[in-house]
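Take a look at the structure set out below.
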Amino acid sequence: MIRHKWNVKRGYLKIHVAGDIKSKRIMSLLVTSEKVHDGRLFPKLIEDITIKQNKEIDTTIADGSYDNNKIFQFLSFNNIKPAIKVRKNSRCRKTNHYLRNKIVKMQIIDLVNGKIASAMDKDGL
């Protein structure tokens, strides 16, 4: 109650984790304040695994907070395949990285196919 009255906000910590799906082990972990965006620490997490631990990464799976061109460029430079969920309103642009545009096109195709399938279900086809 007093926090609301005096407009006092408590900060929180963010834990950024990179893990190996096959071995189910945490490969890299960083703790930051709530003000640090997830995408800023992505290269650090990957470099911690590839350089410090001398491990090879084939594919990276990430959520929509990692959807930006710098991350796609970083992954391409390091020969890592991205599996990043792009935003729903994403568009293909010449300024986008080609891997991001490829994922956007795949998402649009899935969306269209889903709408066609649901329309066919409604019509009884």
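Only the coordinates and a few stated rules stand behind these numbers; no lab work does. What you see is a predicted model, and the numbers here were worked out from it, not measured in a lab. A quick note on method: Cβ atoms are made from the backbone with ideal geometry, for glycine too, and the neighbour counts reach across all protein chains shown.
Within region 41-70, the set of residues being out of contact with any helix residue (DSSP H, G or I) (no Cβ under 7 Å at 6 or more places or on another chain), surrounded by 17 or more Cβ atoms within 10 Å (Cβ to Cβ) and not acidic (Asp, Glu) comprises LEU41, LEU45, ILE46, ILE49, ALA62.
Scanning region 35-52 for residues being not aliphatic (A, V, I, L, M) and not in a helix (DSSP H, G or I) gives a total of 2. Considering only region 37-44, I want to know if a residue exists there that is free of Cβ contacts under 8 Å to residues at least 24 places away in the same chain and not charged (D, E, K, R). Checked region 37-44: no residue is free of Cβ contacts under 8 Å to residues at least 24 places away in the same chain and not charged (D, E, K, R).
When SER76, SER90 are screened for being touching a Pro at 6+ places or on another chain (Cβ under 9 Å) and among the small types (Gly, Ala, Ser), only SER76 passes.
Scanning region 74-89 for residues that are touching a residue at least 24 places away in the same chain (Cβ under 8 Å) and either under 13 Å from the mean Cα position of the chain (by Cα) or within 16 Å of ASP38 (Cα to Cα) (or both) yields a total of 4.
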